[in-house]
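Participant: One structure is given below, represented as structure tokens, and several questions about it will come after.
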Amino acid sequence: MPALAFALLAGLLFGTGIALSGMINPAKVLNFFDVAGTWDPSLAVVMGGALVVTAVGYRLVMRRPAPVFDVRFHLPTRRQIDVPLVAGASILGIGWGIAGFCPGGSVPAVGLLEPDAFVFVASMVAGIAFSRFALQPGAQTLEPRKTTS
Amino acid sequence: MTEFTPWMSLVGGMFIGLSAVTLMALHGRIAGLSHILAGAVLPSQSLRGWRIAFLVGAVAAPLALSSVPGVTIPFSSATPLPWLIFGGVLVGIGVQLGSGCTSGHGVCGLARFSTRSVVATLCFMATTAATVFVVRHVFGGF
């Protein structure tokens, strides 16, 4: 199962990155946004490092006709800036600001066996399920919606 | 109070980028944690295996790192339980409506120069900053 092994490797890289960067720590994440208080600019450096590697890497990877273990690249195709995008991202930010966890930070934090991470991840999954099945009953699968993330 | 850690954060960020590039090169997928998680645990018609494998890795790495003698991974969460649950539900609703999160829009989307991801990232950065300001400086913090 090389495909699964490499997905595991990608996950290990992700978890290592979140842990080393400090983004596993809600206090550090929140301090980035607290310019008027205990400001910690680390998150900007994390995003900068991740963006440069991803932008260059994606450019190289996209020269190939297809990924190694699939017949095509699964990329979002929607282009329009609509109300759900702006409203959803804004709601995400309010939750992130309250809890200090975002999806990418909270999943690796489960590996630290921190109870708060378990509570947050469970609540987030409940929110996704509520949104998907109650607010957007037509959107029950991921692929046809062509999401970014 | 947390210290500015430019080098560790830069290296950590580059690992996050390597993860995104690896997943795209091999599986052709965006490394967006919210949708990998949702696709793994909620009913859907899409493939589960690679998502579960990715999540196992994402959880196992900090678990392994923190069990190395002498290594401590700083963690501090001050949000009271009801607010933590409320914040989690809001994040869940937000990523579903907005088609992505900090990793999907903020890293993978921006790296593809996606206009939707630029708009989403500006929106959530702004509302997060506003929320932190209100929580800490209007209400005096948790």
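The values are calculated or read from the model by the stated rules, or taken from the named source; none is laboratory data. Bear in mind the structure is a predicted one, so any value in this text is a computation, not a measurement. All Cβ positions, glycine included, derive from the backbone under ideal geometry; neighbour counts span all protein chains shown. To get the accessible areas, we keep the full protein, side chains included, count just its heavy atoms, and leave off ligands, DNA and RNA. Shrake-Rupley method; radii C 1.70, N 1.55, O 1.52, S 1.80 Å.
Participant: I need the full set of residues from the range A:19-44 which are part of a helix (DSSP H, G or I), facing chain B (nearest Cβ under 7 Å) and open to solvent by less than 40 Å² (accessible area, probe 1.4 Å), in order please. Even if it seems obvious, please write down each step before you answer.
Facilitator: Going residue by residue through the range A:19-44, those that are part of a helix (DSSP H, G or I) are A:19-21, A:26-33, A:42-44.
Applying the additional criterion that residues be facing chain B (nearest Cβ under 7 Å) yields A:19-21, A:26-28, A:30-31, A:33, A:42.
Those that are part of a helix (DSSP H, G or I), facing chain B (nearest Cβ under 7 Å) and open to solvent by less than 40 Å² (accessible area, probe 1.4 Å): A:Ala19, A:Ser21, A:Pro26, A:Ala27, A:Lys28, A:Leu30, A:Asn31, A:Phe33, A:Ser42.
Participant: For the range B:85-102, check the following and say yes or no: at least one residue is among the hydroxyl-bearing types (Ser, Thr, Tyr), more than 18 Å from the chain's Cα centre (by Cα) and within 7 Å of another protein chain (Cβ to nearest Cβ).
Facilitator: Of the residues in the range B:85-102, the ones among the hydroxyl-bearing types (Ser, Thr, Tyr) are B:99, B:102.
If we keep only those that are more than 18 Å from the chain's Cα centre (by Cα) too, we end up with none.
No, that holds for no residue.
Each row is one residue, and each column tells you yes or no for (1) within 27 Å of A:Ala36 (Cα to Cα); (2) touching a Pro at 6+ places or on another chain (Cβ under 7 Å).
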{"site": "B:Pro6", "(1), (2)": "yes, no"}
{"site": "B:Ala20", "(1), (2)": "no, no"}
{"site": "B:Ala25", "(1), (2)": "no, yes"}
{"site": "B:Gly39", "(1), (2)": "no, no"}
{"site": "B:Pro82", "(1), (2)": "yes, no"}
{"site": "B:Gln96", "(1), (2)": "no, no"}
{"site": "B:Thr115", "(1), (2)": "no, no"}
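Participant: Hey, among the residues in the range B:110-126 that are within 16 Å of the chain's Cα centre (by Cα) and crowded, with 21+ Cβ neighbours inside 10 Å, which one's farthest from A:Ile81 (Cα to Cα)?
Facilitator: Only one residue tops the list, namely B:Ala111.
Participant: Would you call A:Leu92 open to solvent by less than 10 Å² (accessible area, probe 1.4 Å) and either within 26 Å of B:Leu47 (Cα to Cα) or not in a loop (DSSP other than H, G, I, E, B) (or both)? Let's see the steps before the verdict.
Facilitator: Numbers: open to solvent by less than 10 Å² (accessible area, probe 1.4 Å): yes; either within 26 Å of B:Leu47 (Cα to Cα) or not in a loop (DSSP other than H, G, I, E, B) (or both): yes.
Judged against the criteria, A:Leu92 is a match.
Participant: To continue, here is another question. Looking only at the range A:95-120, filter to residues that are within 19 Å of B:Ile16 (Cβ to Cβ) and assigned to a loop (DSSP other than H, G, I, E, B); which one of those is modelled with the lowest pLDDT?
Facilitator: Filtering the range A:95-120 for residues that are within 19 Å of B:Ile16 (Cβ to Cβ) and assigned to a loop (DSSP other than H, G, I, E, B), the one modelled with the lowest pLDDT comes out as A:Cys102.
Participant: Considering A:Ser123, A:Ser131, A:Ser149, which residue is modelled with pLDDT under 95, more than 24 Å from B:Ala111 (Cα to Cα) and buried (at least 16 other Cβ atoms within 10 Å of the Cβ)?
Facilitator: Details: A:Ser123 fails: modelled with pLDDT under 95; A:Ser149 fails: more than 24 Å from B:Ala111 (Cα to Cα).
Criteria check complete, one pass: A:Ser131.
Participant: If a residue must be within 7 Å of another protein chain (Cβ to nearest Cβ) and either in contact with a Cys (Cβ under 9 Å, 6 or more places away or on another chain) or of a type in the set (Ser, Thr, Tyr) (or both), how many such residues does the range A:69-90 contain?
Facilitator: Of the residues in the range A:69-90, 6 are within 7 Å of another protein chain (Cβ to nearest Cβ) and either in contact with a Cys (Cβ under 9 Å, 6 or more places away or on another chain) or of a type in the set (Ser, Thr, Tyr) (or both).
Participant: Turning to a different aspect of this structure: Report the residue count in the range A:63-89 for those that are open to solvent by less than 70 Å² (accessible area, probe 1.4 Å) and either of a type in the set (Ser, Thr, Tyr) or part of a loop (DSSP other than H, G, I, E, B) (or both). Can you show your working first?
Facilitator: Our first condition is that a residue be open to solvent by less than 70 Å² (accessible area, probe 1.4 Å); within the range A:63-89, this holds for A:66-67, A:70, A:73-76, A:78, A:82, A:84-89.
Cutting the leftovers down to either of a type in the set (Ser, Thr, Tyr) or part of a loop (DSSP other than H, G, I, E, B) (or both) gives us A:66-67, A:70, A:73-76, A:78, A:82.
Number satisfying all stated conditions: 9.
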